[in-house]
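Quick note: the coordinates plus some simple rules give every number you see, no bench work behind them. Bear in mind the structure is a predicted one, so any value in this text is a computation, not a measurement. Cβ: placed from backbone, ideal geometry, glycine included. Neighbour counts: every protein chain shown.
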Amino acid sequence: MTQTQSRDSVDFRWSAQQNQDPDSYILEVKNLKQHFPIHSGFFQRVVGYTKAVDGVSFKMREQEVLGVVGESGCGKTTTGRSILRLYEPTAGEIWYRKANGDRVDITKISQDEMKLLRREMRMIFQDPFSSLNPRMTVKDIIGEPLIIHRVAKGRELEDRVAELMNSVGLNPAYMRRYPHEFSGGQRQRIGLARTLSLNPRLIVADEPVSALDVSVQAQVLNLLQDIKEQLGLTMIFIAHDLSVVEHICDRIAVMYVGKVVELAESETLLRHPMHPYTEALVSAVPPADPDIHMQRLILEGDVPSPADPPPGCVFHPRCRYAKEICKQQEPLLEEVQPGHFASCHFALELDLKGIE
């Protein structure tokens, strides 16, 4: 297979050493695309498409935490929402293994089937205030999924809400208060309690700590880590801060202009990046040791528009290692080392710097 082949014809080149049994994965995303139409003129004709997600593929094992990082507008949140079908995907497959062992393609099932599946797949939203209804009490917010799915009512509902509040470090005595009476960190805990109300197996956490103070971020991250271990959750953790992702994730996927450009175990990716964009992101992470001075790599130019991405490698206009082939041929996301995937023509040739 040559490098000039279309990305549509290949999802991932998994090594022969990797387990190919589909039942070993709880989630398998294949060539996911989310293109939004661009309307123009009096009649609002479609004149183009914004390729927010353009051929994303990855697999997740049960109880794994996958971090998805990148600059604002790279498609992280859209990927997460498309997986849960909050956006209807334009193309691709999303295979999920349910609690009973059956595998379903989320893109193909009906809305009624998807409603049942959302008991197992939940989301934590970025803004802990706008994601909570200001007219509802904490009891109603956390208990709403239980009512919708007819899991509990009456006294049983109140007891379950109190149990959930305790599990995220909130006083159940406050369940009749409203969201504006809580701090940002407490509101995010309310959102987390609502997410956990139906005992999900897969959670998409969309930058759950980015709107919080640094001191509160650590508390929420530690809480997420504890809950993940206690309940055996599988999680997609979306963030733009690599230092946050390193704390909680087993593997990291780096996105740029709607595509995954690198994917590897957290420590491997941060210390031995194999894509120039990842090297630039890693250089921006402050070292824990103040005596270590890392050279910050400043990327020139702007992020290309997903409505008009450049030909060849999408990163080549800002890449200091770019050569003529980068402008002409799009590199595939390939396994360049065991468990380490990179979308770069020169991944094995470049000596990129990571965290020391």
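Over every pair of different alpha-carbon atoms in region 290-353, take the mean of 1/r and invert it; report that Kirkwood radius in Å. Don't skip to the answer; put the middle values down first.
Values: mean 1/r = 0.0736 Å⁻¹.
One over the average 1/r among Cα pairs gives 13.6 Å for region 290-353.
Could you name the lysines whose alpha carbon sits less than 23 Å from that of Lys153, not counting residues in the same chain fewer than 8 places away? Partners found: Lys115, Lys139. If one puts a single equal scatterer on every Cα of region 118-165 and applies the Debye formula without solvent, what log₁₀ I(q)/I(0) results at q = 0.21, 0.23, 0.25, 0.28 Å⁻¹? Reported log10 I(q)/I(0), two decimals: -0.82, -0.95, -1.07, -1.18.
Based on DSSP H runs of at least 4 residues, each adding -39500 (n - 2.57), what is the mean residue ellipticity at 222 nm of the chain after dividing by all its residues, to the nearest 500 deg cm²/dmol?
Mean residue ellipticity at 222 nm (helix-derived): -8000 deg cm²/dmol.
Listed by chain and number, the aspartates and glutamates whose C-alpha is less than 17 Å from the C-alpha of Lys323, apart from same-chain residues fewer than 8 away, are Glu300, Glu349, Asp351.
Remark on Arg177: its backbone amide H falls under 5 Å from those of Val138, Lys139, a criterion applied only to residues 5 or more positions apart or on other chains, H modelled at 1.01 Å from N. Taking every alpha-carbon pair under 8 Å whose residues sit at least 6 apart, region 161-282 reaches a relative contact order of 17 percent.
Global size of the chain: 21.2, 68 Å for Rg and Dmax (C-alpha atoms, Rg to one decimal, Dmax whole). Each of Lys323, Lys76 has some number of other Cβ atoms within 10 Å of its Cβ, and from fewest to most they run Lys323, Lys76. Scanning residues 5 or more positions from Ile124 or on other chains, those with amide H under 5 Å from its amide H are Val204, Ala205, Asp206, with H placed 1.01 Å from N in the peptide plane. Taking amide hydrogens as placed 1.01 Å from N in the peptide plane, the amide H of Val65 sits under 5 Å from those of Met235, Asp250, Arg251, each at least 5 positions away in sequence or on another chain. Put a plus charge on the Cβ of each Lys and Arg, a minus charge on the Cβ of each Asp and Glu, and nothing anywhere else: the dipole of the chain about its Cα centre is then about 1300 debye. Defining a contact as two alpha carbons under 8 Å apart and six or more residues distant in sequence, what relative contact order in percent does the chain show? With pairs under 8 Å counted, the relative contact order is 20 percent.
List the pairs from Lys30/Lys228; Lys33/Lys98; Lys30/Lys327; Lys33/Lys108; Lys59/Lys259 whose alpha-carbon separation is above 21 Å, in the order I gave them. Write out the running numbers ahead of the final one.
Numbers: Lys30/Lys228 25 Å; Lys33/Lys98 23 Å; Lys30/Lys327 26 Å; Lys33/Lys108 14 Å; Lys59/Lys259 15 Å.
Result: Lys30/Lys228; Lys33/Lys98; Lys30/Lys327 exceed 21 Å.
Each residue in Ser167, Ser72, Ser130 was given a count of other beta-carbon atoms within 10 angstrom of its own, and listing them fewest first yields Ser72, Ser130, Ser167. Exposure proxy shown here: for Met123, Met114, the number of other Cβ atoms within 10 Å sets the order, fewest to most, as Met114, Met123.
By the equivalent-ellipsoid construction on the alpha carbon gyration tensor, region 128-199 comes out with semi-axes of 18, 12, 11 Å, ordered largest to smallest. Each Cα pair under 8 Å and six or more residues apart adds its separation to the average, and for region 128-199 the resulting relative contact order is 48 percent.
Taking the charge dipole of the chain about its Cα centre, with +1 at Lys and Arg Cβ atoms and -1 at Asp and Glu Cβ atoms, the residue from Tyr25, Gln219, Asn133 reaching farthest to the positive side is Asn133.
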